Amino acid sequence: MKEDDEQFIPFIHNYCDRWCERCRFINQCRIGAKEVERSRERSAAMEEDDVVDAVTENLKRVLEHLEHFARENGIDWDKLQQEIDEADFVAEELSIEQTRLQDWGKEYLDMGQEWFSNHQQEIKYKEDELNHKLQMGIKDIPKEAAELVDAIEVIRWFLFFINVKLDRALYGLRNHSDDEEDPIQNDANGSAKVALNAVERSLKAWEVIRMHFPNHTDELIDIFVLLGRIKMGLETLFPEMESFVRPGFDEPELYMA
């Protein structure tokens, strides 16, 4: 690693939850550092037309960085791009277990979106109720309100994320080579571990929702069961995922002061 790259943890952004605002390694992640820089730049007013230009320029910088990294490490960039393009058209048959896991991911996304859509008014009423109690100075309300807000944020953040990471893990599982890949430190296991973490955090968040809306326990059980199936499916198809070491997150002692 070059001297100007020493502050960054290699590949940490490949196996994170993409929640930069909550990441303790944000300044040690190349992508996170860019987010911090962009946040500062966004403090200045930006014309609507400039947004498109900024996104285009950012994408260009990312691609340039990837190409530079590939060539520095002896990777044939042109061949890599060709393989990626060809991979988009590879449609391999999934096993029954893989198909089920993929379907469960999509079903959870739909079910979660539907629940929030159907209960917007109740959520708003609960927020107003907690705010009223907060103004009255009732004990423990600040903690209760913070837990509910956090639970909603966690669930919504991971609704799409889980589905995407499941697809990536399954793609890696179907296309991995025993001769070329480490049996544990491979993208399939890494993506599966990140998906599992999102599932477990979502389960805890839904339990907070259930505690605040006990009258919806019966319908929430379906969500708990579905997430449980996804967890079981990950553990069955990726038995080595827990042993995968995520850069930074699973070795904090190497990077935290």
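The values are calculated or read from the model by the stated rules, or taken from the named source; none is laboratory data. Remember, predicted model here, so these are calculated numbers, not experimental data. Heads up, the Cβs are rebuilt from the backbone with ideal geometry, glycines too, and the neighbour counts pull from every protein chain shown.
Some points to look at:
- Scanning segment 192-235 for residues that are more than 14 Å from Ala151 (Cβ to Cβ) and of a type in the set (Ser, Thr, Tyr) yields a single hit, Thr217.
- The condition of being at pLDDT below 95, surrounded by 14 or more Cβ atoms within 10 Å (Cβ to Cβ) and either under 19 Å from the mean Cα position of the chain (by Cα) or of a type in the set (D, E, K, R) (or both) holds for only one of Asn197, Asn186, that being Asn186.
- Any pair with Cβ under 6 angstrom, 6 or more apart, that starts in segment 164-184 at a residue that is aliphatic (A, V, I, L, M) and ends at one that is surrounded by fewer than 16 Cβ atoms within 10 Å (Cβ to Cβ) and at pLDDT 80 or above: Ile184/Glu240; Ile184/Ser243
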